[in-house]
Number of protein chains: 2
Amino acid sequence: MRTPSDTQVIHAINANDTALDTPFLKCLMRLIRARDTYGTWEVKSDAALLAEFIVTKAQRRAIPIIGDPDPDVLWRLETFYACVALVIEERSGLLISSTLMMNHEGFGRVVLTTGRLVVLSKSLRDVHQFGFETLIKLAKAGAKLVADATAAIEVYPDVARA
Amino acid sequence: MRTPSDTQVIHAINANDTALDTPFLKCLMRLIRARDTYGTWEVKSDAALLAEFIVTKAQRRAIPIIGDPDPDVLWRLETFYACVALVIEERSGLLISSTLMMNHEGFGRVVLTTGRLVVLSKSLRDVHQFGFETLIKLAKAGAKLVADATAAIEVYPDVARA
């Protein structure tokens, strides 16, 4: 995984120290820890692990969008949408199916469904550069997708349970 | 691509010569021809191309389900579901989004959606052995998926257009 320097991590956190307490980032943290099969990240702080998701404008510009995306960025992308699905499940009490399709060039689609209802459908492009400028932007992006999905479930409750 | 012997092809066709006239196989044929970018299959008959989708019981037993699935079988699987989506579009007049996710071991999921409606959601397993015993079984399997999807659109017309 990309290992941001301590100063980078501290910078990302100092600016957004409340973000870590948002339900979305708490869930993301639990998910990342759960996926740490061999316990190699036990020594890392939550902030250091979440800092992997931070891509500043300057960093983004430096990432080429030709060639295959970094496997680590695909892992983070997949983890992000898995977290969105998990928080929707917590809110709605419904089981969410997650389908993420990606070609080797970094174009694809993610679809979250429950019953007969599409709760999220999103094209993915330039996933090489997947990341968020700050932790609070990461938390907000996740919360927005969860809110939209939850709203759709409220509009079509029968379809969601079909 | 797997190239069945002429006798295999003739056998598959003789037994099911009406299958080629079904709407599903006609569409599948058009799709396969459309995907023949370099015209290499122009010399092949429709029957010979569709015969690729035929896997007899004996053939199925001979295909190991360990190791990565053959890229050709993944191509056929993807083409089959693309054809299902295409026939649903013809029937309903709605645009279908197709998302097919597959891990390298041959497990995955296919989701077809339109608007907010899931018209088809299916787990995929043992795709190494993807195929149908006869052409008529291929045509029927496709037609069944199309019919189920069309029925769902009729039950939830607003969601399909949301």
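What the table shows:
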{"quantity": "Hits in the range A:53-92 - residues which are of a type in the set (Gly, Ala, Ser), modelled with pLDDT of 90 or more and within 24 Å of A:His104 (Cα to Cα)", "calculated": "A:Ala62, A:Ala82, A:Ala85"}
{"quantity": "Flag for B:Leu95 being open to solvent by 60 Å² or more (accessible area, probe 1.4 Å), without any contact (Cβ under 8 Å) to a residue 60 or more places away in the chain and in contact with a Ser or Thr (Cβ under 9 Å, 6 or more places away or on another chain)", "calculated": "yes"}
{"quantity": "Filter pass, B:Glu133 being in contact with a strand residue (DSSP E or B) (Cβ under 8 Å, 6 or more places away or on another chain) and open to solvent by 50 Å² or more (accessible area, probe 1.4 Å)", "calculated": "yes"}
{"quantity": "Residue selected from the range B:140-155 under the condition out of contact with any Ser or Thr (no Cβ under 9 Å at 6 or more places or on another chain) and away from every other protein chain (no Cβ under 14 Å), by the criterion farthest from A:Tyr156 (Cα to Cα)", "calculated": "B:Ala141"}
{"quantity": "Filter result (touching a strand residue (DSSP E or B) at 6+ places or on another chain (Cβ under 8 Å) and more than 14 Å from A:Ala85 (Cβ to Cβ)) within the range A:136-160", "calculated": "A:Leu138, A:Ala141, A:Tyr156, A:Val159"}
{"quantity": "Residues satisfying the stated conditions in the range A:60-86, i.e. among the aliphatic types (A, V, I, L, M) and assigned to a helix (DSSP H, G or I)", "calculated": "A:Ala62, A:Val73, A:Leu74, A:Leu77, A:Ala82, A:Val84, A:Ala85, A:Leu86"}
{"quantity": "Checking B:Glu89 against (1) part of a helix (DSSP H, G or I); (2) touching a residue at least 12 places away in the same chain (Cβ under 8 Å); (3) not hydroxyl-bearing (Ser, Thr, Tyr), the condition it does not meet", "calculated": "(2)"}
{"quantity": "Exclusive hit being within 12 Å of another protein chain (Cβ to nearest Cβ), under 18 Å from B:Arg35 (Cα atoms) and of a type in the set (D, E, K, R), set B:Glu52, B:Glu78", "calculated": "B:Glu78"}
{"quantity": "Exclusive hit being within 13 Å of chain B (Cβ to nearest Cβ) and over 16 Å from the mean Cα position of the chain (by Cα), set A:Gly93, A:Gly108, A:Gly115, A:Gly39", "calculated": "A:Gly115"}
{"quantity": "Breaking point among (1) within 14 Å of chain B (Cβ to nearest Cβ); (2) under 14 Å from the mean Cα position of the chain (by Cα), for A:Glu133", "calculated": "(1)"}
{"quantity": "Among the residues listed as A:Thr134, A:Thr150, the single one being under 23 Å from B:Leu117 (Cβ atoms) and β-branched (Val, Ile, Thr)", "calculated": "A:Thr150"}
{"quantity": "The listed residue being touching a Gly at 6+ places or on another chain (Cβ under 8 Å) and not basic (Lys, Arg), out of A:Ala141, A:Ala147, A:Ala151, A:Ala160", "calculated": "A:Ala160"}
{"quantity": "Residue list for the range A:81-90, filter: in contact with a Ser or Thr (Cβ under 7 Å, 6 or more places away or on another chain) and either within 8 Å of chain B (Cβ to nearest Cβ) or closer than 29 Å to A:Gln59 by Cβ (or both)", "calculated": "A:Tyr81, A:Ala82, A:Ala85"}
{"quantity": "Output for the range A:57-85, where each listed residue is open to solvent by less than 60 Å² (accessible area, probe 1.4 Å) and closer than 25 Å to B:Leu120 by Cα", "calculated": "A:Leu77, A:Thr79, A:Phe80, A:Tyr81, A:Ala82, A:Cys83, A:Val84, A:Ala85"}
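The values are calculated or read from the model by the stated rules, or taken from the named source; none is laboratory data. What you see is a predicted model, and the numbers here were worked out from it, not measured in a lab. Quick reminder, even Gly has a Cβ in these numbers, built from the backbone with ideal geometry, and neighbours come from all protein chains shown. Keep in mind that these areas ignore ligands, DNA and RNA; they rest on the heavy atoms of the full protein, side chains included. Shrake-Rupley method; radii C 1.70, N 1.55, O 1.52, S 1.80 Å.
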